[in-house]
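Any read-out appearing in this document is the output of simple, stated calculations on the displayed coordinates, not a laboratory observation. In this text the structure is predicted, and so the values were computed from the model without any measurement. Using ideal geometry, Cβ is built from the backbone for each residue, glycine included, and neighbour counts are taken over all protein chains shown.
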């Protein structure tokens with residue numbers, strides 16, 4: 001009996017699912033594929049305009065890059081703690097799961113806080129969606145804020161989802177399947193950052 | 001053996017109580033399917049009225065339209081349309097028809113209703129997502145229609161919303177302020193609704209098939225809805241950020257699609273660094289798969305309906321038909337540049353798009369030849385669903401042939417943005433898909449409403465519409481070849497004067513064909529409430545939707561029992577009491 005058949009209470013009445021994945025997990029994978037294309041489109045737009053630009057700025061000095069490296073480390077660690085949560089959930093250890101997931105959410109919030117601090121610093125220097133204080137292409141700000149903003153939106157929604165699922169799992173309303181699919185989404189958010197950081201930060205490091 | 005009938009069944013949600021739960025915020029895929037269908041019906045009516053206004057203006061440009069000046073004092077002063085007013089009609093006609101009719105009815109309408117039943121499931125995998133996706137789509141429609149009522153009116157940039165016209169704001173013309181922003185919001189919401197729907201369709205098809213319903217035994221319509229969902233999942237994921245970037249350009253001062261130094265209406269635009277070509281790439285990377293999303297469900301529906309009226313399976317069987325559907329889906333992502341042959345792109349890159357475009361004619365030709373080969377020598381039952389399927393095939397061929405010409409950049413230089421293109425996409429996509437929707441309606445009405453539609457009215461509807469649409473769209477090929485440009489409100493050049501009688505003819509045909517649709521509307525509503533009661537399987541078909549214990553099917557589709565499937569769909573036999581074998585029948589008979 002597959003997970004999905006048990007989950008739906010229809011053991012032995014249904015065909016084996018095509019990918020041996022329960023519906024919720026399959027759906028999260030499909031969402032990830034779809035969201036990858038969304039991020040891909042916006043990164044394509046950035047690349048297209050950057051290649052075509054004659055006055056692209058590369059404003060990120062070492063402190064910005066260091067900040068980005070710290071943010072990367074924080075997010076990668078949060079994926080590790082999320083994995084801890086998933087393993088604990090599979091072992092049925094509720095309080096341990098909640099602790100791991102709580103730590104993940106905290107690291108996610110730390111990432112968001114570091115990000116927003118950097119944003120406010122840049123805004124203070126005069127960067128906007130439509131303004132470049134160094135006199136270079138105004139599209140730098142547009143690309144930077146829209147890409148990192150979209151990613152930040154995914155981080156914040158992920159943090160909320162992690163907290164909701166952690167509480168729900170603790171109360172017995174949600175299963176380890178939910179923890180696993182939340183983990184899947186969180187790892188995706190991390191993978192996207194592994195593209196955003198090199199393409200947006202490292203490629204625009206000051207020469 | 002029928003262990004299934006002895007199994008206890010766990011319903012995932014209880015039968016709904018109360019009017020709101022049953023008919024408004026319903027979780028039942030059948031109700032949601034009909035809601036989508038109803039939305040498409042409202043949308044097609046609005047889209048048709050817009051096209052009538054356009055056609056009357058094109059046929060009689062100097063004739064004041066009575067009452068129009070009261071409706072739109074700025075857009076049609078004295079009853080004469082300004083060019084911008086015409087363009088706004090054209091934009092809304094395209095947007096409403098492509099998104100809210102063609103992407104809606106065949107996929108979300110019939111797909112929602114029949115996909116779970118055809119695979120033996122009691123509902124979609126995620127009924128709440130399903131409900132959400134309908135209401136998000138409905139909200140998108142309301143936001144779009146709101147554009148008609150804002151001060152400046154609806155946008156004028158076409159359903160393709162090319163930058164920089166769509167991105168610079170009010171300087172570009174009336175409708176380009178709030179109207180265009182509402183358009184962007186509406187389409188972004190529509191993308192979300194579609195993405196939710198795709199997730200649902202794919203999970204349901206892969207995970208909820210009943211015992212015996214292997215992927216190979218799914219009906220062609222189910223396969224088409226599945227492949228379309230996969231295409232949609234990827235395509236709408238690209239349109240969503242494109243619309244968001246467009247909205248940012250319009251309200252947040254970014255310049256994704258606006259280059260430096262652009263002067264519009266004598267005003268230098270405060271933007272720099274963007275590219276109108278970027279919009280075209282993003283839009284058409286979505287836009288080309290979108291037109292396959294519009295047509296593939298109808299291809300599946302027609303392939304599904306035909307065997308019941310030919311009393312044999314489609315030539316080539318599941319492998320060839322499904323293989324063609326998958327080839328369509330895969331290739332649809334490689335051809336977007338054929339909309340951009342005249343955008344200034346490198347002519348060598350045009351070849352990179354022209355070749356896959358010509359290759360995609362292969363699966364299209366295969367399905368057409370399979371249909372024609374199946375029809376040859378068959379004892380056809382000429383009921384209305386069959387007539388509309390035959391009409392579909394005719395329109396698909398007629399519209400498809402012009403595609404071979406447009407696929408070649410050298411010829412496209414002459415034909416791009418002429419009425420030749422308008423003829424092509426209306427015949428091959430718009431009208432063909434409408435015929436697919438009609439075929440599905442007449443075929444499945446007995447199951448959805450438990451009543452038979454009036455065959456005499458149906459046949460009048462078919463013949464008058466069939467002749468009518470050819471009268472409207474065939475002449476467009478000729479005037480297009482002669483150089484009649486599309487998206488123009490007025491044709492003042494000398495060479496255009498001889499073409500005006502053709503425009504008048506097409507207008508009369510359009511109005512007449514539109515009036516004929518009243519026959520269908522009357523038939524549909526009369527049947528729904530007062531039609532003759534239908535037997536459970538009036539067309540003697542073989543797939544699971546005809547095995548439900550009642551018409552319309554009960555709340556959980558199969559009345560507490562899960563069907564078990566023993567055979568492939570479309571098995572028709574010689575001899576015996578009946579010439580067909582339903583999928584749930586375990587009895588061994590001689591098959592051919």
If you count, for each residue, the other Cβ atoms within 10 Å and average over each peptide, how do A:129-136, B:424-431, A:24-31, B:244-251 line up from highest to lowest? B:424-431, B:244-251, A:24-31, A:129-136
Inter-centroid distance (Cα atoms) of the stretch A:135-207 relative to the stretch B:524-592, Å: 49
How many nm is it between the label spots at residue B:355 and residue B:215, if each spot is 7 Å from the Cα in line with the beta carbon? 2.9
Please work out how much length the chain gains when fully extended from residue B:456 to residue B:540, using 0.36 nm per residue of separation minus the C-alpha to C-alpha distance, in nm with one decimal. 28.2 nm
Each residue of A:38-46 has, on average, a number of other protein chain C-beta atoms within 10 Å of its C-beta equal to 6
Got a sec? Which residues in the stretch B:43-86 would a label at residue B:492 touch, if it sits 7 Å along Cα→Cβ and we count backbone N under 16 Å? B:61-63, B:81-86
Estimated FRET transfer efficiency (residue B:405, residue A:18; beta-carbon r; R0 51 Å; 0.05): 0.80
Name all residues of the stretch A:142-166 having a backbone nitrogen under 20 Å from the label point set 7 Å from the Cα of residue A:128 along its Cα→Cβ direction, giving them as ranges. A:142-150
Once you've got the GNM for chain A with C-alpha springs shorter than 10 Å, pick whichever of A:83, A:43, A:153 has the biggest mean-square fluctuation. A:153
Mind checking the mean number of beta-carbon atoms from other chains within 10 Å of the Cβ atoms in B:263-276? 3
What distance in nm lies between label points placed 7 Å from Cα along the C-beta direction at residue A:156 and residue B:530? 5.7
Cα gyration tensor, the protein assembly as shown - rounded (a/c under 1.5), prolate or oblate: oblate
Chain B: angle of helix B:127-146 to the longest principal axis, Cα-based, in degrees nearest 10: 30
Could you give log10 I(q)/I(0) at q = 0.16, 0.17, 0.19 Å⁻¹ for the stretch A:22-204, computed by the Debye formula over C-alpha point scatterers of equal weight, without solvent? -0.94, -1.03, -1.20
Sorted by mean Cβ packing within 10 Å, highest first, what order do the peptides B:230-242, A:194-206 take? B:230-242, A:194-206
Just subtract the alpha-carbon distance of residue B:413 and residue B:478 from 0.36 nm times their residue separation and send over the number in nm, one decimal. 21.8 nm
Determine, for B:65, B:226, the number of other Cβ atoms within 10 Å of each Cβ, and report the residues in order from fewest to most. B:65, B:226
Per the rule of 0.36 nm per residue minus the C-alpha distance, extending residue B:42 to residue B:162 adds in nm 40.5 nm
Exposure proxy check on B:421, B:263: fewest-to-most Cβ neighbours within 10 Å is B:263, B:421
Sorted by average packing, counted as other Cβ atoms within 10 angstrom per residue and highest first, what order do B:51-63, A:140-152 take? A:140-152, B:51-63
Among A:58, B:228, rank each residue by its count of other Cβ atoms within 10 Å, from fewest to most, as a rough exposure measure. A:58, B:228
Per DSSP H run of at least 4 residues, take -39500 (n - 2.57); add these up for chain B, divide by its residues and hand me the 222 nm value, nearest 500 deg cm²/dmol. -19500 deg cm²/dmol
Row for chain B, column shape: gyration tensor on C-alpha, a ≥ b ≥ c, rounded if a/c < 1.5 i.e. under 1.5, prolate if a/b over b/c, else oblate; value prolate
So, with points 7 Å from each Cα along the Cβ direction, the residue A:109-residue B:471 label distance in nm works out to 7.1
Of the stretch A:11-38, those with amide N under 20 Å from the point 7 Å along the Cα→Cβ vector of residue B:561 are A:11-15
Rounding to the nearest 10 and keeping the result within 0 to 90°, find how far the Cα-based axis of helix B:317-331 lies from the longest principal axis of chain B. 20
From the Cα gyration tensor of the stretch B:161-302, with a ≥ b ≥ c the square roots of its eigenvalues, which class applies: rounded if a/c is under 1.5, or else prolate if a/b is larger than b/c, or else oblate? prolate
Per residue of B:122-128, how many C-beta atoms from partner chains lie within 10 Å of its own C-beta, taken as a mean? 2
Which distance in Å, rounded to a whole number, links the C-alpha centroids of the stretch B:281-336 and the stretch B:347-395? 9
